[in-house]
Structure formats: structure tokens, C-alpha cells
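Single-structure report; data block below.
The values are calculated or read from the model by the stated rules, or taken from the named source; none is laboratory data. Please read all numbers here as calculations on a predicted model, not as lab measurements. Neighbour counts are summed over all protein chains in view; Cβ atoms, including those assigned to glycine, are modelled from backbone coordinates with ideal geometry. Areas reflect the complete protein model, heavy atoms only, side chains present, ligands, DNA and RNA absent. Shrake-Rupley method; radii C 1.70, N 1.55, O 1.52, S 1.80 Å.
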Amino acid sequence: MTEATYPVDMSVTPDVKAFFDPATNTISYVVKDPGSKACAVIDSVMGIDYAAGRITYDHADAMIDYIEQNGLKLEWLIETHVHADHLSAAPYIQSKLGGKLGIGDKITVVQDTFGKVFNEGTDFQRDGSQFDRLFQDGDTYEIGGLKAFAMYTPGHTPACMVHVIGDAAFVGDTLFMPDGGSARADFPGGDAATLYDSIQKVLSLPDSMRLFMCHDYGPNGRDIKWETTVGEEKAHNIHVGSGKTKEEFVKFRQERDAQLDMPKLIIPSLQVNMRAGKLPKEDKSGKRFLKVPVNGL
Ligand SMILES: [Fe+2]
């Protein structure tokens, strides 16, 4: 793969407002251009009571309220990847506030894999056409006057992208806080060695780059946190910091991943998120259903 060149600009400091979802330990963000009212939403969350099959929008509504109360204009809805542990609320927010929905162009690989797992028919398009923009490595876009770019960071999934907006990078599931380490790399299309290489790309950004996590689980009982820096991760990340080698990382990651249970919401999350956050189409009776593949994951 040819490496893209990344137009890093540390002179711009966007306003970042975080929204923590305690049900899934996800952090969603509103990122605002300091020079205008333009903003982007990163990795929003739609609630689900899976046992009851009930969808809720409290978390997304809090973001919508914030955007409306501050008179902001939503220009982008960004997904760092196809999440396996929560459902995206991007189409819901988009239906209220507009904006373009973007994800990495390798979404097609994820759609192909899980289209088969869920035995989706031919009406499930596997070309990423459910999204408005498919980012390639190094692609740039604008949030008002803010310049942003996407950095291809596969390993956790094949479609992961880190989005860098001024001096702030939204790392998705490439990295956790220094005391949380890194995300698993054992989903279909995931790979620990590839994740290590992607993490090195993130750590090659300037030391003072702010990093915003997609998840935090408050290891060892500490309060939830979501912001750190490249310098902090390089020095202290328990999985990749202070010069840990690729071999050490891969061995550790593979052993750890073999012990992990499937995320509680993986089955509904994948079915919804591979459709850009839309629920499966209504059947003839006008009802929507999610499938559970028996021994399929
Ligand atoms: Fe993830």
C-alpha cells in the first residue's frame, strides 16, 4: 500500500464536545470549526434494549439538542468504522439536521463479509452506496473553514479510519487511553500485526496532537476519560507504549483476544451499521426484524 501524505495542521484547535454513552461505553463527539458555526458529529449512538427489541434515541437527541441550542450547522456525520458494540444514530441525526455521512471506502469489504454472515439478499448493496462519502487514505474534507483528513488505520476492522481535524484526532478503536491499551483485532478482517502498524501511524503524528477515544471502560476503577495526546500514548500505552515491539504486541493481542467474549450488541450492531445505521427494510407486513445467525459468528 502506498502511504498517503497527511496535511497535518496543528495551528487550528477545533472545539470538541464529548457525549458519553454509559450503556456501551462509547464516546461520541461534536467537533466545531472555531471560525464558523459549522460542525461534525463523530460516531453517534442509537440506543437498543436488545432483550426487548426496542430502539431509543436519548443519546442522539442530546447531541441534536446541543447542536441546535448552539446554533450550529451540521456538515458531516463521520463513522470511524463499522462498530460491533453499538448502533450508529447517523441516519437519525442526519434526518433532523442534514449533513453528509462518511466512512472508509473499505466498508465494502465489511459489507461483503457480513452480507454473507447475515445471508442478505441482493437488495443489500455491498458497494458503500448507503453512505454519502467513502474516504480513501489521505482524503481531505472541510467542516466550514476547518480542514480535516482521513487516515487509513486497519487492524481492528478492515475499514477503520482515524479522522484528523486540526490538532485533534479521533482514533476510533485503534487505541484506547494509555491505561486501556488497544482494541481487539480478532473480528473478521481484523489483524493484530496490521493494527500495530496502524497504531504506529497514529503515534507518528505530532506529540501534542490531542487524541479522542471512541471507547473507555475506566480500567482499575478510575473515572471514564476520553482525551489524551500522542506523546502520552507513546510514553505510557500499556500495549504499544515505551517501545513495545510488533512481535510482543501481536503475541499479547492474540492471546488476549482468544479470551474475549463477543460484544453483547454485535449481532444488531453489525446488521444496522453495515447499512450506515439504518434498520433492515420493512417486510411485507410493514415490520422490521433483526436476524440472529445460529453459530454464524
Ligand atoms: Fe469497534
(request) Could you tell me what percent of the DSSP beta bridges with both partners in segment 17-86 are antiparallel, to the nearest 5? (result) 70 percent
(request) Within the set of other residues whose C-beta is less than 10 Å from the C-beta of Ala193, count the net charge using Lys and Arg as +1 and Asp and Glu as -1. (result) -1
(request) Treat each spin label as a single point 7 Å out from the Cα along the C-beta direction, and report the Glu248 to Asp179 distance in nm. (result) 2.0 nm
(request) Please give the per residue accessible area of segment 40-107, computed with a probe of 1.4 Å over protein heavy atoms only, in Å². (result) 36 Å²
(request) Would you calculate, for the chain, the mean residue ellipticity at 222 nm contributed by helices, counting each DSSP H stretch of 4 or more residues as -39,500 (n - 2.57) and dividing by all residues, to the nearest 500? (result) -7000 deg cm²/dmol
(request) May I ask you to give the percent of accessible area on the chain that is carbon plus sulfur, with a probe radius of 1.4 Å? (result) 50 percent
(message) Per residue, how much accessible surface does segment 146-297 expose to a 1.4 Å probe? Answer in Å², no decimals.
(response) 44 Å²
(message) What distance in nm separates the two pseudo spin-label positions at Asn295 and Arg54, each 7 Å out from Cα along the beta-carbon direction?
(response) 3.4 nm
(request) Keeping all protein chains in position, work out how much accessible area Thr5 exposes to a 1.4 Å probe, and write it in Å² to the nearest 10. (result) 130 Å²
(message) If you restrict to DSSP beta bridges whose two residues both lie in the chain, what percentage is antiparallel, to the nearest 5?
(response) 70 percent
(request) Can you figure out the FRET efficiency of Lys147 with Ser285, using R₀ = 51 Å and their beta-carbon distance, to the nearest 0.05? (result) 0.60
(message) How charged is the neighbourhood of Ile67? Take every other residue with its Cβ under 14 Å from the Cβ of Ile67, and add Lys/Arg as +1 and Asp/Glu as -1.
(response) -1
(request) Could you tell me the accessible area of Phe20 in Å² (1.4 Å probe, neighbours in place), rounded to the nearest ten? (result) 60 Å²
(message) I'd like the accessible area for Ser204: 1.4 Å probe, protein heavy atoms, all chains in place, Å² to the nearest 10.
(response) 90 Å²
(message) Only Cα pairs within less than 10 Å get springs; with that Gaussian network setup on the chain, which residue of Tyr50, Tyr196, Tyr29 has the largest fluctuation?
(response) Tyr50
(request) Subtract the Cα-Cα distance of Lys278 and Ser36 from 0.36 nm times their separation in residues, and report this length gain in nm to one decimal. (result) 84.1 nm
(request) May I ask for the longest run of the chain untouched by GluC sites (Glu not before Pro) that are loop-located per DSSP and have at most 13 neighbouring C-beta atoms (other than their own) within 10 Å? (result) 4-281
(request) Enumerate the calculated ³J(HN,Hα) couplings along segment 284-297 in order (Karplus 6.51 cos²θ - 1.76 cosθ + 1.60, θ = phi - 60°), each rounded to whole Hz, writing x wherever the residue is Gly or Pro. (result) 4, 7, x, 9, 10, 10, 9, 9, 10, x, 7, 6, x, 9
(request) For the chain, set up a Gaussian network in which alpha carbons nearer than 10 Å are linked by springs, and say which option among Gly190, Gly115, Gly71 fluctuates the most. (result) Gly71
(message) Please report the spacing between the Cα centers of segment 168-246 and segment 41-78 in Å, no decimals.
(response) 25 Å
